[in-house]
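Visitor: So that we are looking at the same thing, I have put the structure below in structure tokens.
All of the numbers you see were taken from the coordinates with simple rules; none came from a lab. Here the structure is a predicted model, which is why all the values come from computation and not from measurement. Glycine gets a Cβ as well: all are built from the backbone with ideal geometry, and neighbour counts include every protein chain shown.
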Amino acid sequence: MAVDELPLDDKAKRMRDLLSSFYSPDPSMSSDTSSKLASRDDINSPSFDPDHYMNLQVHKSNLEGLLQRHVEMAAEIKNLDTDLQMLVYENYNKFISATDTIKRMKSNISGMESNMEQLLDKIISVQSRSDNVNTSLFDKREHIEKLHRTCNLLRKVQFIYDLPDRLGKCIKAEAYADAVRFYTGAMPIFKAYGDSSFQDCKQASEEAMATIVKNLQGKLFSDSESIQVRAEAAVLLKQLDFPVNSLKAKLLEKLEQSITDIQLNPKELNNASGDLSPSASAHEAAIHEFVEAVRAFRVIFPDSEEQLVKLAQDLVMKNFVITEEYVKTRIIPADLLGVLRVIWNDVLLIDEVLPEAVLSTHSLEAAKFVVTLYVRNAFSHLLQDISDSLLQVLKKDGAEQYSLETVFGSSTKAVLQGCLTVLQDFGKILDDDSGILVRLRELFIDWVQEGFQDFFRQLEDQFLLFSGRTSSPAIQVHGLAEGAQGDKAFASLVLVLAQLSAFIEQTVIPKITEEIAASFSRGSLRGYESGPAFVPGEICRKFRSGREKFLHLYINMRTQRISLLLKKRFTTPNWIKHKEPREVHMFVDLFLQELEVIGNEVKQILPQSARKHRRTDSNGSSVSSRSNPLREEKLGRSNTQKARSQLLETHLAKLFKQKVEIFTKVEYTQESVVTAIVKFCLKSLQEFVRLHTYNRSGFQQIQLDIQFLRIPIREIVEDEAAIDFLLDEIIIGTAERCLDPIPLEPPILDKLIQAKLAKTKEQNTISS
């Protein structure tokens, strides 16, 4: 079994013990101390027992281990001898140097004793001469000091005699501070000698001070004097031991009244030239005076801190309340920045003399409300501008109404330019480096983003409100006329809303998103979990949906208006006793006039279609009743019974025709909208036809009217096949409800149509 080597700590300890024993001045002491801690088997201890150690090693190790331990101990002994030799060698030069130093010190000290004796003799000589000088000058110095004390006493006596005159001059010059200083300086002498040597001076001085106290009291309660002057008067009275504590309530009341002069007047605060306006200069002077008054008040009344804090907080809060009312009006960013800068400067000045008020914290909370109110009102004014531009449709400029193109142009400008202007204004506030706004910068970014999100939601709600019925309170406030003209204007507004929603989705939202990302996305306090405050995708979806709603609402409104006209046309006459047709009925003119109005409206707002469905493009039947020999043969028979039997054949023939798609998806083009309205109107006309019974003349009148409508309607629609199909269905439906469905002869039909065309052309010539 191998013998354990000594740890590093034990080896170091043994080296220290060896060195200590070598250098120790008292080996016995070191030996005694070590023996207490050492054991019998410790080879480095004086109490080491070789026999005990050997027996222990024999019991613990085998022969091979003992031999290994022998080799290790021999190496350790050799190392210790080497270390000891190196230690002695390294310190030998130091021993030699120390010996030389001691020799030099010994030689130097031997000569120093004589020098010290010479120095002592010189000191004794100087001391004796100094004593001689003091003895010779002692009497003169005593005399000079006595004269100096006498001179000071005479100067004080002269000051006392001159005090009444000095006080009189101070009264004339209103230098009350100097007078109080002079009098308080003379008070110790008056207390000691006022009743004997200086009785007259004391009496005259007291009379002068009575006048000064009276004048100071007058300044203290004078409304014409400034707060600073009153405070100085109170300080002087307090120095004269006047009971000013009884005046505390009155002084506080005066200080409260002075707040009215410090309140802001925002409308007069800003100057277009950028310099301080007279109102701003006056406010700056007033706030400095207030600060000095507070400073003096704290000196006079140290226990008035609570009242002064409340007074300062009320002053700042009142200015913020005034600012809140100011931002409710239309103001530019410079106006808001100017007011907030003035308030913040006031806060900093007051904080210097009254830090206990903590006005910075209170002002920050109040400023948050003011800035958020400004943001909300900026969007509110923008929403009002957009509403006013839209509602021009409902107003009249002189005798003529605003054109839809003008209204749409002004509305798009109000939305896009208004949003960019608001962003520009917000950017000026964001870039301002005044103290209070710098602290609100991150919050302001969130307020702007949230403001735009809420603004577009409110704008959508406003559009929906405008697209409601004419009885809507918002519409009535803006003066929508009742009756036909009002319905016409209201439908035009809905059409403008449809196209404006598309403009907002396609142009405004991307532009605003770009501007917000460039200037209002850094430093937001919203967490990642909350997401961005401004979500353009959500807004685009809302306006895309709104655009479809408004366009379909416009189509329904125009269709309902024309349907009322058609319904009146079919409910008024007695179709059983209808007279033979002699001309196209006037309802056709009214119908075409309504379609012309619709065409003029959509031309001003909607783009043209890129294509137009022609007769050859349609898969359905587009053959008119006039060009269809089969139908003419069926309708031309004189036998009523045979004509009725042919109706069944007509319905059977429809089953073998290719299907005509009547109601397709409405596209955002002029032709598509007009076509949809015409389809709905013709479908309504078809339903009205089925509600009545006709004689031959009534059937022929409807045939004439429908045939006349074909050519003008084809010119304004894009799906001619579907329109022809619906017109044919109207004639067939009338024949089904007719007692004697014999149509007009083609020559007679052409003659009546040509007569109507000539009459219409003549009327157009006269009107132009």
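Visitor: Residue separation times 0.36 nm, minus the C-alpha to C-alpha distance between ASP49 and VAL299: what's the value?
Guide: Result: 81.2 nm gained on full extension.
Visitor: Please work out how much length the chain gains when fully extended from GLU325 to GLU256, using 0.36 nm per residue of separation minus the C-alpha to C-alpha distance, in nm with one decimal.
Guide: Length difference between fully extended and current span is 22.6 nm.
Visitor: Still on this structure: What FRET efficiency would be calculated for the residue pair LYS191, ASP461, taking the C-beta separation as r and a Förster radius of 51 Å, to the nearest 0.05?
Guide: Between LYS191 and ASP461 the formula returns 0.05.
Visitor: Something else about it: Residues in the range 82-106, backbone N under 19 Å from the label point at LEU119 (7 Å along the Cα-to-beta-carbon vector): list them, ranges by number please.
Guide: It comes to 105-106, nothing else.
Visitor: Now for a separate question. Relative to the present Cα-Cα distance, how much length would full extension add between GLU206 and GLN763 at 0.36 nm per residue of separation?
Guide: Length gained between GLU206 and GLN763: 189.1 nm.
Visitor: So the label point goes 7 Å from the Cα of SER380 along Cα→C-beta, right? Which residues of the range 321-347 then have their backbone N under 20 Å from it?
Guide: What the label zone holds, given the 20 Å backbone N cut-off, is 321-337, 339-340.
Visitor: Still on this structure, I have one more. What FRET efficiency, computed as 1/(1 + (r/R0)^6) with R0 = 51 Å and r the Cβ-Cβ distance, is obtained for LYS511 and GLU268, rounded to the nearest 0.05?
Guide: Calculated value: 0.85.
Visitor: Grab the other residues whose beta carbon is less than 11 angstrom from that of SER205, score K and R as +1, D and E as -1, and report the net.
Guide: Overall, the nearby charge balance is -3.
Visitor: Label points 7 Å out from Cα along the Cβ direction at GLN560 and SER279: separation in nm?
Guide: The answer from the label model is 5.1 nm.
Visitor: According to the square roots a ≥ b ≥ c of the eigenvalues of the Cα gyration tensor, what is the shape class of the range 692-747, taking rounded for a/c under 1.5, prolate for a/b larger than b/c otherwise, and oblate for the remainder?
Guide: Prolate, since a/c reaches 1.5 and a/b exceeds b/c.
Visitor: For the range 39-135, what size does the Cα cloud have along each of its three principal axes, sorted from largest down, in whole Å?
Guide: Principal-axis extents of the Cα atoms in the range 39-135, largest first: 100, 29, 17 Å.
Visitor: While we're here: How far apart, in nanometres, would the label points at LYS103 and ARG541 be if each is projected 7 angstrom from Cα along the Cα-to-Cβ direction?
Guide: Using points 7 Å along Cα→Cβ, the separation is 10.6 nm.
Visitor: For VAL597 paired with LYS78, estimate the spin-label separation in nm (one decimal), with each label point 7 Å from Cα along the Cα-to-Cβ line.
Guide: Placing both labels 7 Å along Cα→Cβ, they lie 12.8 nm apart.
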